[in-house]
Structure formats: C-alpha cells, structure tokens
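First the structure, in the form of structure tokens, and then the observations on it.
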Amino acid sequence: MAYVAEFELQSPRGMLMLRGEHPAREAFSDKLGVGLPTEPNTVAEGIETCVLWLGPDQWLVMVPETSESVLNSSLATSVTGLHAAVTVVSDHFSVFKLFGSEVAEILVQGCGLDIDPGGFSYGQCCRCAFARTTAILRPLNAGGAYEVIVESSYQYYLVGWFNRAVGPLVLNAGDGGE
C-alpha cells in the first residue's frame with residue numbers, strides 16, 4: 001500500500017561527531033555559538049548549525065558543507081589538551097527528509113519508537129533501530145516532516161525501503177547518487 005508521503009535525499013552537508021566531557025563541552029559550545037544539548041535526545045539549533053544529542057558525551061553537528069573544514073579545525077584546536085575528539089563524519093551519513101500526512105505510518109513500520117507528536121516532536125532526536133539498520137530520527141516541524149539519518153552504505157537499501165512505501169525516488173549524480 002502506498003502512503004501519502006514523499007521522501008528526498010538531502011544535499012550533502014558538513015557533519016562532525018564531537019566527544020568530550022564538561023571542559024570540552026564548554027569549548028565546543030563557545031566555538032559553535034550554540035550550547036550543546038545536555039538533555040537526552042534533544043536538539044540545539046543556531047542559524048546554520050544543528051547539534052543532536054547522541055549520548056552523555058557525544059553530539060552530531062550538522063552545518064553547511066562549505067563550513068565543515070574551518071569548523072573542524074576550530075573545534076579541534078579549542079579542545080587541545082582535553083580528553084575530547086572531533087571527527088568529520090560527512091561521508092559516513094546520508095540524510096533523507098520525509099514529509100506528508102502519513103509519514104508517521106511509514107516510520108512506525110521501520111522502528112519501535114512511539115513517534116506520536118505528544119511524545120516525540122520538534123526539538124528532539126533519537127538514534128534507533130530502523131528498517132533493519134540504525135538511524136537517527138529527527139522531527140523537523142509540527143507538520144509531520146522528519147529527517148532520517150543513516151550510514152551512507154545503507155542509502156540505496158533505504159531508498160528501496162521507502163520506495164515500497166511511498167513510490168519511486170531516482171537518485172541522480174547531483175543529489176548523492178553514484
């Protein structure tokens with residue numbers, strides 16, 4: 001059965017994985033201009049920066065692709081001598097956007113999360129099992145749009161999975177396809 005929903009592979013973006021305890025968190029926040037989320041499964045957003053809480057000492061930072069190199073260098077320098085790590089992971093992940101009136105029905109088939117907007121809404125994120133792989137889910141707004149972030153090696157598998165639910169998406173060389 002096809003659902004009233006659409007999905008798109010998003011343009012590449014800069015992604016950095018940050019690890020570190022309290023002193024590093026402060027240094028990261030200063031350089032990002034956005035406080036790192038400290039509550040589990042929450043998101044902090046700035047003008048061009050989005051930071052997802054993945055663990056007590058782990059965050060995924062998403063920025064425009066053109067900002068990645070400079071930000072990586074700045075963050076790494078800010079934690080010199082501290083027990084911390086900054087790792088570029090842009091090539092490791094692919095990002096899909098799902099939107100439409102029946103997106104929730106599609107997502108619940110792929111994961112065991114309760115994605116009811118009363119319990120999982122804008123400003124939250126969750127790393128979970130999804131469609132026999134792992135993903136990070138993030139509601140984008142109250143209207144039912146979500147990001148699904150998966151390891152790039154599963155990109156085509158997930159395209160096939162989504163195709164069975166909502167119809168075909170053809171990946172072109174300009175949008176992350178090979």
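Numbers for the structure displayed
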{"item": "Net +/- balance of residues flanking V70 in space, Cβ distance below 14 Å, scoring K and R +1, D and E -1", "result": "-2"}
{"item": "Probe 1.4 Å, all protein chains present, accessible-area order of V51, V4, largest first", "result": "V4, V51"}
{"item": "Local net charge near V34, Cβ-Cβ under 11 Å (Lys/Arg +1, Asp/Glu -1)", "result": "-2"}
{"item": "Exposure rank, largest accessible area first [W53, W59; 1.4 Å]", "result": "W53, W59"}
{"item": "Among L54, L82, L36, residue whose mean-square fluctuation peaks in a GNM of the chain (springs only between Cα atoms under 10 Å)", "result": "L82"}
{"item": "Cα-centre dipole for the chain with unit charges at Cβ (Lys and Arg positive, Asp and Glu negative), debye to 20", "result": "220"}
{"item": "Rounded accessible area per residue of the range 21-178, 1.4 Å, Å²", "result": "51"}
{"item": "E45 accessible area, assembled protein chains, probe 1.4 Å, Å²", "result": "90"}
{"item": "Accessible area in the full protein assembly, largest first, 1.4 Å probe, for S11, S90", "result": "S11, S90"}
{"item": "The chain - percent of accessible surface contributed by carbon and sulfur, probe 1.4 Å", "result": "51"}
{"item": "Length added when fully stretched, S121-T38, from 0.36 nm per residue minus Cα-Cα", "result": "28.2 nm"}
{"item": "Translational diffusion coefficient (Stokes-Einstein; Kirkwood radius from C-alpha pairs) of the chain at 20 °C, 1.002 mPa s, in µm²/s", "result": "127"}
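The values are calculated or read from the model by the stated rules, or taken from the named source; none is laboratory data. This is a predicted model, so every value here is computed, not measured. Cβ sites come from the backbone with ideal geometry, for glycine too, and all protein chains shown count toward neighbours. Note: accessible area is taken over every heavy atom of the protein model, side chains too, but ligands, DNA and RNA are not part of it. Shrake-Rupley method; radii C 1.70, N 1.55, O 1.52, S 1.80 Å.
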